[in-house]
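Down below is the structure, laid out as structure tokens.
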Amino acid sequence: MKSTSKNLLLIFTRNPELGKVKTRLAKDVGDETALEIYKFLIEHTVNVTKDLSVEKEVHYSVKIRENDLWDNTIFSKKLQQGEDLGERMQYAFEQGFKAGYQNIIIIGSDLYDLNKQDIEEAIVDLQEYDAVVGPAEDGGYYLLGMNFLTSQVFKNKNWGTDSVLQDTLKDLKYKNVKLLEPRNDVDYLEDIQDVAIFQKFLKK
């Protein structure tokens, strides 16, 4: 089915299951607290994205859930396809461009620093730039937007390491790229231990 909108937001999310989310954080706070924090981050992502005037797709890691925080009337629901994160993202971008979208942006669902303006800015930037990248402070990225498809950015990456951003920018070196403001991922206890909003989870 061809799209009438030219802008698509892909949101990659893990199914919130005990012991399977925020595993690095869980080493310090325990599996149950890590799951609570992840659900809180999903809720934040829903609130940030639900009113954006773009088409929105949520891509689940394991199983599509109908009655969850992602409202079916706002978000289309899909299942991630591929062996590693790179393959899964590449497939989602490919399907989006096949459906007729011109500008596609992908984000995760676990970034408390992300706000609505970041995504709106990226959408506008894709009118002028080939790609938009939001650097994460841990050396990865929290947002990737492109108005063309290149499989190279999804290949030969050590996902979850501090080399992902630089390796991705090398793949885009011949393209016109806009960098957004750096944002802080939530992966380890030190990422949240001094942030007021998370104290309610840490003081149990």
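Using equal-weight Cα scatterers in the Debye expression, the normalised intensity of region 3-137 in log10 at q = 0.09, 0.14, 0.15 Å⁻¹ is -0.27, -0.65, -0.75. If R0 is taken as 30 Å, the Cβ-Cβ distance between Lys200 and Asn156 corresponds to a FRET efficiency of 0.15.
With 23 Å as the limit, the listed pairs Lys6/Lys98; Lys50/Lys175; Lys27/Lys203; Lys6/Lys178; Lys6/Lys77; Lys20/Lys78 have Lys50/Lys175 beyond it between alpha carbons.
Label point of Glu43 set 7 angstrom out along Cα-Cβ; within region 19-33, amide nitrogens under 16 Å from it belong to 33. With a Förster radius of 30 Å applied to the C-beta separation of Gln193 and Lys98, the computed FRET efficiency comes to 0.10.
Once the chain from Glu137 to Glu32 is taken as fully extended at 0.36 nm per residue, the excess over their C-alpha distance is 35.2 nm.
Label-to-label distance, Asp51 versus Ile74, with points set 7 angstrom from Cα along the beta-carbon direction: 1.0 nm.
Rolling a 1.4 Å probe over the protein heavy atoms of region 40-174, with every protein chain left in place, gives an accessible area that is 43 percent carbon and sulfur.
Per residue, the chain exposes 52 Å² of solvent-accessible protein surface, assessed with a 1.4 angstrom probe and all protein chains in place.
Calculated translational diffusion coefficient of region 1-71 (37 °C, 0.692 mPa s; Stokes-Einstein with Kirkwood radius over alpha-carbon pairs) equals 242 µm²/s.
The values are calculated or read from the model by the stated rules, or taken from the named source; none is laboratory data. Computed from a predicted model, the values in this text were never measured in an experiment. In this analysis, Cβ positions are derived from the backbone assuming ideal geometry, glycine residues included, and neighbour counts consider all displayed protein chains. The area values use the complete protein model at the heavy-atom level, side chains included, leaving out ligands, DNA and RNA. Shrake-Rupley method; radii C 1.70, N 1.55, O 1.52, S 1.80 Å.
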